[in-house]
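Below: the structure, in structure tokens.
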Amino acid sequence: MSAPHTEPVTAPESAGEAELAAYNFAYLDEQTKRMIRRAILKAIAIPGYQVPFASREMPMPYGWGTGGVQVTAAIIGPEDVLKVIDQGADDTTNAVSIRAFFQKVAAVRATTHTADATIIQTRHRIPEHTLKEGQVLVYQVPIPEPLRFLEPRETETRKMHALEEYGLMHVKLYEDIARHGRIATTYAYPVKVHGRYVMDPSPTPKFDNPKMHRSEALQLFGAGREKRIYAVPPHTDVVSLDFEDHPFEVQQFDRPCALCGATHVYLDEVVLDDRGGRMFVCSDTDYCETRQAEGHVGEMLATSEREAAE
Amino acid sequence: MPDRTETFAGGFANAVFDSQAVFRTLMDCMARPGQTGEVTLSLAPPAPLGIAAGAVMLTLCDHDTPVWLSPKLSQSPVPGWLAFHGGAPLTTERHEARFAFFEGRAPLPSLGAFALGSQEYPDRSTTLIIEVASLDNGQPLTLSGPGIRDTAGIAPNGLPADFLRQWSGNGALFPRGVDVVLTAGRRLVALPRTCKITAKTLTESVAETPASEG
Ligand SMILES: [Zn+2]
């Protein structure tokens with residue numbers, strides 16, 4: 001863990017309590033877990049609505065997914081198998097730190113395989129492998145309010161959600177079309193949940209939006225700094241906002257993954273050299289590695305294998 | 001004077017892991033209305049509070065959550081048990097309650113008298129925990145809504161008389177409204193406010209039979 005271990009924010013009343021608090025299962029004290037659990041249940045009962053909660057300080061800086069970490073800490077048990085991804089990868093600093101944190105404070109098993117995980121905490125991606133019943137996807141959310149960039153005042157955005165007044169959001173998207181000829185928003189593309197609340201799907205690429213729609217998995221969202229929890233139950237409608245003459249479209253990639261040959265997946269650009277060489281590979285590293293292990297070969301691997309053989 | 005043994009005994013053997021297990025069962029059920037959860041750990045809440053209802057009480061209630069108890073529960077050893085294990089304050093004001101508990105066959109007051117949340121904060125509403133005799137040998141009900149692929153079925157026996165009528169009124173208030181957990185001994189089913197419930201009619205059940213054979 002690169003971040004220093006700090007004391008829990010709930011002021012301990014005695015040295016004995018402080019000592020005990022340091023050994024809390026999943027780090028959070030029981031009162032905090034109860035508070036977060038109550039918020040999660042209400043979030044599930046009101047799909048897409050942002051439930052305020054008393055976010056605690058975690059032993060990692062904001063921006064490192066403290067909201068997602070608190071949600072995971074409130075639901076995780078000894079039987080769980082945890083996967084943590086950042087931009088689709090299990091081996092980035094953020095993902096490695098959070099995984100190590102839960103292995104230390106909850107002694108849970110960890111995995112990189114999407115299909116084996118019971119809880120997947122994510123920043124910026126939804127795994128390519130279709131999630132199943134019994135899995136929980138926990139999103140780390142920086143800014144939970146989809147209307148915030150249109151209206152800075154919380155009292156006003158609350159009112160807009162209360163009155164289902166989402167005209168401004170449509171105006172913003174339509175301005176995109178007027179200016180760019182299409183909706184330019186590619187990340188955190190707003191969705192409507194269960195035909196009622198407009199929700200920020202967190203900064204995932206809009207490529208992932210269709211995966212949220214009627215997913216078999218429970219989706220939970222935690223925003224630490226903004227102190228909000230929201231949820232999408234399984235089998236729930238999640239519809240990306242669009243217009244009749246400009247229907248929602250996901251990003252298209254004009255080539256398959258250079259390593260595993262996968263199509264219809266989200267690709268990242270990787271710079272190979274300083275002469276402009278580059279390749280496009282799966283952003284979901286587990287998906288890519290699993291395919292390679294199954295014998296799928298992309299263009300780049302095929303080339304290097306040919307070269308090795310020559 | 002409540003029995004002291006009942007007050008102090010019968011809580012979670014291991015509060016941290018037991019409450020996590022009960023919460024996950026409850027969360028899964030809230031996310032999948034119609035799915036039956038079971039509280040398998042040992043817990044002995046004082047009668048007439050059931051095991052699942054007692055488990056939900058200890059998992060979610062504390063000094064931040066005013067609890068309303070039915071008249072019969074308030075006169076039982078339950079208030080002492082709750083005070084000792086959960087520390088939650090009791091309220092007689094239904095609209096102040098975060099949780100409300102009903103023993104089996106308790107009459108159901110108007111759901112609208114409980115906290116329904118506001119249009120801005122619909123989460124500030126009561127969750128009702130209602131004990132029934134059984135979840136599967138009573139009136140067949142069809143559930144639909146978030147958490148359910150097409151439809152789900154439950155057949156609670158001992159649902160309060162006008163529950164279905166009240167529930168449909170509750171649904172009309174969305175996003176405001178109460179949420180309900182039906183408990184029967186160790187078992188529970190959750191009914192979030194989004195859940196639509198219709199009573200299966202005789203003709204529907206008859207019509208389903210040939211289809212399932214074909
Ligand atoms: Zn690949």
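The values are calculated or read from the model by the stated rules, or taken from the named source; none is laboratory data. Given the structure is predicted, the values throughout are model-derived calculations rather than measurements. Note: ideal-geometry Cβ built from the backbone for every residue, glycine included; neighbour counts use all protein chains shown. Each accessible area value is taken on the protein alone, full model and side chains, heavy atoms only, with ligands, DNA and RNA left out. Shrake-Rupley method; radii C 1.70, N 1.55, O 1.52, S 1.80 Å.
Within region A:68-183, which helices (runs of 4 or more DSSP H) (wholly inside it) include 2 or more residues that are of a type in the set (Phe, Trp, Tyr)? In region A:68-183, A:93-106 are the helices (runs of 4 or more DSSP H) which contain 2 or more residues that are of a type in the set (Phe, Trp, Tyr). Taking region A:260-278 as the range and being among the hydrophobic types (A, V, I, L, M, F, W, C) and either modelled with pLDDT under 95 or open to solvent by 30 Å² or more (accessible area, probe 1.4 Å) (or both) as the test, the residues that pass are A:VAL270, A:VAL271, A:LEU272.
Any residue at all in region B:172-183 that's under 14 Å from the mean Cα position of the chain (by Cα), at pLDDT 95 or above and open to solvent by 60 Å² or more (accessible area, probe 1.4 Å)? The answer is no; no qualifying residue exists. Screening region A:214-310 for strands (runs of 3 or more DSSP E) wholly inside it with 2 or more residues that are of a type in the set (Asp, Glu) returns the ranges A:267-271. Only a single criterion out of (1) within 13 Å of the ligand (Cβ to nearest atom); (2) within 30 Å of B:GLY34 (Cβ to Cβ) is not satisfied by A:MET199, namely (1). Entry remark, region A:197-213: residues being among the aromatic types (Phe, Trp, Tyr) and assigned to a helix (DSSP H, G or I) number 1 in total.
Just to confirm my filter: which helices (runs of 4 or more DSSP H) fall fully inside region B:4-60 and include at least 2 residues that are polar (S, T, N, Q)? Give the derivation first.
Numbers: elements: B:4-8, B:15-31, B:51-60.
By residue number, B:4-8, B:15-31.
Looking at B:PRO33, B:PRO71, can you tell me which residue is within 14 Å of another protein chain (Cβ to nearest Cβ) and out of contact with any His (no Cβ under 9 Å at 6 or more places or on another chain)? Write out each step before concluding.
Values: B:PRO71 fails: within 14 Å of another protein chain (Cβ to nearest Cβ).
Just one listed residue meets the conditions, B:PRO33.
Comparison of A:THR112, A:THR204, A:THR118 shows that the only residue that is surrounded by fewer than 19 Cβ atoms within 10 Å (Cβ to Cβ) and of a type in the set (Val, Ile, Thr) is A:THR112. Residues that are more than 10 Å from the ligand (Cβ to nearest atom) and in contact (Cβ under 8 Å) with a residue 12 or more places away in the chain occur at least once in region A:275-282. When the residues of region A:283-310 are filtered to those that are over 12 Å from A:GLU128 (Cβ atoms) and among the β-branched types (Val, Ile, Thr), the one that is nearest to the ligand (Cβ to nearest atom) is A:VAL297. Quick one: in region A:230-245, which of the residues that are open to solvent by less than 50 Å² (accessible area, probe 1.4 Å) and either basic (Lys, Arg) or more than 14 Å from every other protein chain (Cβ to nearest Cβ) (or both) is nearest to the ligand (Cβ to nearest atom)? Going through the qualifying residues, I end up with A:SER240. Of B:ASP123, B:ASP136, all but one fail to be open to solvent by less than 40 Å² (accessible area, probe 1.4 Å) and among the acidic types (Asp, Glu); the exception is B:ASP123. Taking the criterion of being touching a strand residue (DSSP E or B) at 6+ places or on another chain (Cβ under 9 Å) and either among the hydrophobic types (A, V, I, L, M, F, W, C) or free of Cβ contacts under 8 Å to residues at least 60 places away in the same chain (or both), the residues of region A:204-224 that qualify are A:LYS206, A:ASN209, A:PRO210, A:MET212, A:HIS213, A:ARG214, A:ALA217, A:LEU218, A:LEU220, A:PHE221, A:ALA223. Only one entry of B:ARG105, B:ARG94 meets the criterion of being free of Cβ contacts under 8 Å to residues at least 40 places away in the same chain and among the basic types (Lys, Arg), and that entry is B:ARG94.
Just name the residue that is least open to solvent (accessible area, probe 1.4 Å) out of those in region A:145-172 that are within 23 Å of A:THR66 (Cα to Cα) and away from chain B (no Cβ under 14 Å). Per the stated criteria, the residue is A:PRO146. Say whether the condition of being of a type outside the set (Ser, Thr, Tyr), without any contact (Cβ under 8 Å) to a residue 12 or more places away in the chain and under 29 Å from A:LEU218 (Cβ atoms) is met by at least one residue in region B:76-86. No - not one qualifying residue is present in region B:76-86. Considering only region A:135-143, I want to know if a residue exists there that is open to solvent by 60 Å² or more (accessible area, probe 1.4 Å) and closer than 30 Å to A:ASP286 by Cβ. Taking every residue of region A:135-143 in turn, at least one turns out to be open to solvent by 60 Å² or more (accessible area, probe 1.4 Å) and closer than 30 Å to A:ASP286 by Cβ.
Checking the structure you have, find out if any residue of region A:248-259 is surrounded by 19 or more Cβ atoms within 10 Å (Cβ to Cβ) and either of a type in the set (A, V, I, L, M) or more than 16 Å from the ligand (Cβ to nearest atom) (or both). Scanning region A:248-259, I find at least one residue that is surrounded by 19 or more Cβ atoms within 10 Å (Cβ to Cβ) and either of a type in the set (A, V, I, L, M) or more than 16 Å from the ligand (Cβ to nearest atom) (or both), so the answer is yes.
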